[in-house]
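Where a number appears in this text, it was derived from the coordinates with a stated rule and is not lab data. None of these values were measured; they are calculated from a predicted model.
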Amino acid sequence: MSEARIETETTAPTPVAKAISPDNTAAVETRAGDGTVVTTVERSGINSLAATVDDYIVALNVATAVVQIADDHHESAGSTDEPADTPTDTHE
């Protein structure tokens with residue numbers, strides 16, 4: 001059995017881990033840590049481990065970018081943690 005543990009520092013570990021968690025399988029476990037996303041991958045051989053880690057890194061990069069874009073948008077909109085007002089449909 002081959003195993004990899006990947007720890008990634010981030011300012012938003014919970015949203016990033018949640019974005020990646022749908023990719024969790026019996027061989028992949030992702031969780032949010034203190035300022036990190038921690039993923040453990042176990043595979044039967046080194047080649048399958050390398051392929052799984054490669055797939056994970058692609059998903060991690062996408063999740064990190066999306067969370068950063070959402071945070072930037074939230075900040076630039078001058079939002080608070082309060083929910084936004086529901087838009088009113090003026091079309092009849």
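Based on alpha-carbon atoms only, what is the radius of gyration of segment 1-80 relative to the globular estimate 2.2 N^0.38 Å?
1.21
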>> At 0.36 nm per residue, and after removing the present C-alpha to C-alpha distance, how many nm does the segment from ASN61 to ASP34 gain when stretched out fully?
In response: 7.8 nm
